[in-house]
Structures are given as structure tokens and as C-alpha cells.
Amino acid sequence: MLERFLTQTSFVSEEDFEKNLHFKIPENFNFAYNVMDALAEERPDKLALLWTSERGEEVRTTFKEFKEQTDRTAAYLMSLGIGRGDKVMLILKRHYQWWLSMMALCKIGAIAIPATHMLTKQDIIYRNESASIKAIICANDEYVTTQIQSAMSESPSVKLLVAVNSMSEYDKPIPEGFHDWHKEWINAPEFKRPENVNTNEDTMLMYFTSGTSGEPKMVAHDYLYALGHLTTGVFWHNLNENSLHLTVADTGWGKAVWGKLYGQWFAGAAVFVYDHEKFTAEKIMRQIEKYHITSFCAPPTIYRFIIREDFSKYDLSSLEWCTTAGEAMNPSVADKFKELTGVTIYEGFGQTETTMTLGTFPWVEPRPGSMGKPNPQYDVRLLRPDGTECEDGEKGEICILIGDEKPLGLFKGYYRDEERTKEAWHDGVYHTGDMAWRDQDSYFWFVGRTDDVIKSSGYRIGPFEVENALMLHPAVVECAITGVPDPIRGMVVKATVVLSDEYKDKAGDDLIKELQDHVKHETAPYKYPRIIEFVDELPKTISGKIRRVEIRQKDNKQ
Ligand code: ATP
Ligand code: MG
């Protein structure tokens, strides 16, 4: 499979990789036909998907079976009236049918819009309207279907609703107004591949950003986006045919297509899925042990909970390669994980708008706390506010320079939002909105989102550094650093802290003093948090990211 795109498939250095960068991009590239179906042909009996659930279900699907099932799904959806360019929202949690729908829509040339099951009626109306959604395929979950039903009177573009039961409850009644996937899918007509499905520039996928800093933005990706993830799966996740990969991500989060779909299959690896409602470290660790998962990717928040488990209860020896992205990884957490498992965590940085932008690829020796080096597919620069380039050691914004051609994997723009697109992408530069500095060996170190950086008494303080210092104290499980307006200093540093069980009853002035002294000792004293608040949990997005904006808003109201 890889030979189709790369002339060389093993890389020991960045230079080596760079030389091979220019993939042979086929015309009208379509991941479902050009990769999935090709795999079904080349390796019919190879495991493609190992899908399990906390309801005890387990399905092993080969590439050949997967092709047949996606053909059937495409035929089914076409028989319901879905065609090229139609927008279809998928609120499917981690149900098996999410994978079928994603590939089937690709085969039809329809646009998939995965979304989280936590959307309210208003969220659904907003999305239906802003994207002119034609159809919604959702989990037959009472909350989800109720929200959709109540949104319908204000959603004139939506013509079709399909509800999907989980496998073990396939005959659960389907609510009024929804098609019953399980009953109808089985009787789908024969699939006939439509002609002229897509061009490389057509929109294949739209994803909402996580909403960490504000309202989620709708990101439009073309068909080449999938090809951009070859790097994610083959190089960053370091997968091959023998790998079994688990990325922990809700399907409503862009990270799902980083780790549960495209890149993994380029490598011919098997994707592991655990369909569960609420995350616990224990559940995930049990799956790694039971199914001998070899490659694991999760946002830092999940590692923060995993390292607090009793490792004597689990055998995680199957793990060969671990990765993280989505937030900054605290070095203390990566170190502890390595101590417990012997496995190094390879960090990556990117956005819903991009594929891997910076990362510790196999040829990059990880430096704990650093995001790694630029993906050679992007021309990554650190820029000052006036657009000039930063020196080594100087903090600046992570930007991508766009030459004559849009780099593979970069989004087309925010859907129907020219203003926001222009704000982020103008004069040939895409601005990530994230601040970092670069050391003399070209490693990038995260400082914070531009909005999260605190200006206090003339200093610019990146939350990540202070959070890392606090995380080194045994009392701290998680924390968020924010600025609180102050008449004299402009801003003062505040820490919102979740304490470990052993320290919960010690929350008080003495512990505050101890944590402040600890930070002054670990980092430059001017950064220490003058205010510390203890909380049971931090406000987070569905993808588990800390919403510092919510803490700030609460503090500003008081
Ligand atoms: P929104 O744009 O709606 O506020 P979001 O930016 O969190 O949400 P995503 O696209 O899911 O939405 O996340 C991308 C962001 O995640 C990056 O811009 C960056 O702030 C953060 N991020 C990703 N990887 C890393 C990393 N390795 N280190 C630090 N931050 C990271
Ligand atoms: Mg963002």
C-alpha cells in the first residue's frame, strides 16, 4: 500500500523523509476506494478493525469484510437519497457504524460531519443551519434522539434521520421519524459505484474544533486531508501490519480521524476501538492488557490518570509505542509513565485545522516537555506579532507558511466563515494561535495559547511552565494556570488545582504556602501563583482539554 505513495518506506532521519516527501498524489484521490478497497484486494484476510464495547460486544473485521460492509452502507445511504456533496452529521459515539458511515460517505462523495453526542437541541439547530445538514445518522440514545427530534421544527434543511442501535440491543425500538439502520441496512440494494465521486479539492469532511477557547469552529477538509494522515499513522504512531492501535478519542473530536481511521490503515495496521460511555483509567488499561494493544495514543489528561493507577494490577507489556497530542504533556507525567511501563511517550502537536504539525517522529529523540520538530510536510515558522521570525529561545506564534500550493492536510477554511478564516490565514501565513519557543536543535517547546498567556508586571508568563512546576508536587493531580485582573500588576497568576486523594483533607493555607514555595523553587519565582484555588475537577471539553477560558470567565464575574 505504502509503495503506492512513497518510493521509500523506511526512514531513519528527517532529511531522508524530506527527500521522499512528495507523495505521488493520484487524481481524484478517495481514501475509501484508493486505500480501503485496495487493502481489501491486497490483504483480504488481514484484520482491519477490532471493535469492542463495554457492553461485552466484540467484532473482528477484515479488510475484505470491511469493504463489503462499506459498499452495503453506501448503497443503503444512497437508497435513502444521499448523494455527492450532501452533508451528513454523524452523532454515533464510538458505535461500529461510525466507521461504516465515514467510509460509505467517502464512497458516495457526501460530506461527513462527525459531532459529539453531548450536543443540546440548540447546538443541533445551530449546526443544521450553519452547514445546511441534509441527514443525521445518530446513536439510538434517548438523550441524542430527543434533542434531534426537538430541533427538527427549526431545521428545515434536514430531510432524513437514521438511528442506530448498539449491536447487543439491535431490536430496541427506534423513535418516531427515524429510519431503523439495523432493519434496513440488511436489505440494502447492490452497490453500484457512482461516477465522478470527487475531485481532490472537494470537501470530504467537516469537523468542529474542540471549543477550548470559545465556540467551536467548523473546519472544512478536502479529500487530500486523509492522505496527510499517512504521516500520522505510519511515522508518528510508527505502525506496521502487526500493530494494534488504540487512540482514545470521542468520534466527535478531530483526533478520531488522526487515530482511528486514515493513517492507521495506510500502515495496514488494525484499529482497536473500545465503545464506552465514561472514561476511567482502569477500563482503558484492562483493554490494553486483554487485547495486547501495541500502540497507544491519548491526550495528556488520560496519562495523568493512568499513572495514578496501581500498575501491579495490570500487564501492559504489549505496549511498544505511545504517543500524545491535544494538549501539552507535562514532563513529570511522561517520566512517570516511562518509569512504570518502560515506554517513551512521543508527543505531537496539531489542530483540527491541520494534520501533525510538530512531532517527535521515530527519528527524533524525545525531549520531555517538548512537542518535537516540524513535520517536513509543513513549512513551520515561529513568528513575532509583526510577522518577522523569532530567534532561537524567543517566544513566538507557531505559523505555517503557505507557498504556491496548500500543504497536504491543511484545512480549506472555516466553513462559511470568511472572516475567521482570514483572521487565521492571511498574507500566505496560517496562524495556529499557539505560542512556543525553539531551542538550538530545532525542538519546539509549548508556551500556551496566545489567549492564555498571562501578562503580569511586564512579564509574559506561559501557563504550561507553571503548571509543569506544580505538577511536580505530589499533591497535584491536575492544575490550570490563568490570569486574574489586578489593579497593580495588570494580572496575577492563579492556580486552580485538583488534589490527589492523600492531600484532599489538607486543603488550606498551609498547603497553599507549600505549593507556592514549591513553584518558586522549581521555576523563576515571579511566576508563582499568588492565588490558589482547590477544586474537585477542572472544566474540560469533551476531548478532555482544560478550558482555562471558563475559569477566567468565572473569576471575572466575581
Ligand atoms: P478551539 O479552537 O475551539 O478553541 P481547540 O483548539 O482545543 O479548540 P483542537 O483543534 O482539538 O481544538 O486542538 C488544537 C489545539 O490543541 C492546538 O491549537 C493547541 O492549543 C492544543 N495542542 C495540541 N497538541 C498540543 C501539544 N502537543 N502541546 C500543546 N498544545 C497542544
Ligand atoms: Mg483551536
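I'd like the distance between the alpha-carbon centres of segment 216-236 and segment 339-377, rounded to an integer number of Å.
16
Label-point separation (nm) for residue 130 and residue 320, each offset 7 Å from Cα along Cα-to-Cβ?
4.2
Take every Cα pair under 8 Å in the chain that's 6+ residues apart, average their separations, divide by the length, and report that relative contact order as a whole percent.
11
What does the net charge come to around residue 250 if you take all other residues with beta carbon closer than 14 Å to its beta carbon, with K and R at +1 and D and E at -1?
Combined, the nearby Lys, Arg, Asp and Glu give +4.
Under a Cβ-Cβ cut-off of 11 Å, what is the net charge of the residues other than residue 197 that fall near it, where Lys and Arg count +1 and Asp and Glu count -1?
In short, +1.
What residues qualify as long-range amide H neighbours of residue 87, i.e. H under 5 Å apart, gap of 5 or more or another chain, H built at 1.01 Å from N?
Residues meeting the amide H criterion: 111, 134, 135.
With no solvent and one point on each alpha carbon, what is the Debye value of log10 I(q)/I(0) for segment 249-323 at q = 0.12, 0.14, 0.17, 0.21 Å⁻¹?
With one equal scatterer per Cα and no solvent, log10 I(q)/I(0) is -0.33, -0.45, -0.68, -1.05.
What whole-number distance in Å separates the alpha-carbon centres of segment 155-187 and segment 518-535?
What the calculation gives is 53 Å, centre to centre.
Which of the residue pairs 64/217; 46/183; 217/260; 159/540; 121/422; 93/192 have a Cα-Cα distance greater than 25 Å in the structure shown?
From the list (64/217; 46/183; 217/260; 159/540; 121/422; 93/192), the Cα-Cα distance tops 25 Å for 64/217; 46/183; 159/540; 121/422; 93/192.
Please compute the contact order of segment 63-197 in relative form: average sequence separation of alpha-carbon pairs under 8 Å and at least six residues apart, divided by the residue count, as a percent.
It rounds to 28 percent for segment 63-197.
Under 16 Å from the Cα of residue 504, which aspartates and glutamates turn up, not counting those fewer than eight places away in the same chain?
478, 514, 533, 536, 537
Taking 8 Å as the Cα distance limit and 6 or more residues as the minimum spacing, I'd like the relative contact order of segment 452-557 as a percentage.
Relative contact order for segment 452-557 comes out at 27 percent.
Show that you can apply the helix-only estimate: for the chain, add -39,500 (n - 2.57) for every DSSP H stretch of four or more residues, divide by all residues, and state [θ] at 222 nm to the nearest 500.
-7500 deg cm²/dmol
Would you kindly derive the ³J(HN,Hα) couplings of segment 423-431 from the backbone phi angles with the Karplus curve 6.51 cos²θ - 1.76 cosθ + 1.60 (θ = phi - 60°), listing them in order in whole Hz, with x for Gly and Pro?
Karplus values, whole Hz, x for Gly and Pro: 4, 8, 9, 8, 6, x, 10, 9, 9.
Set the Förster radius R0 to 45 Å, insert the Cβ-Cβ distance between residue 4 and residue 502 as r into 1/(1 + (r/R0)^6), and round the FRET efficiency to 0.05.
In this case the efficiency is close to 0.25.
Which whole-Hz couplings ³J(HN,Hα) result when phi for each residue of segment 186-192 is put into the Karplus expression 6.51 cos²θ - 1.76 cosθ + 1.60, θ = phi - 60°, listed in order with x for Gly and Pro?
Values, residue by residue: 5, 9, 4, x, 5, 7, 10 Hz.
Taking neighbour Cβ counts within 10 Å as the exposure measure, how do 292, 117 sort from fewest upward?
If I rank by nearby Cβ atoms, fewest first, I get 292, 117.
No lab work stands behind these numbers, since they all come straight from the coordinates. This structure is a prediction, so every number in the text was calculated from the model and none was measured. Cβ coordinates were reconstructed from backbone atoms using ideal geometry, including for glycine residues, and neighbour counts include every protein chain displayed.
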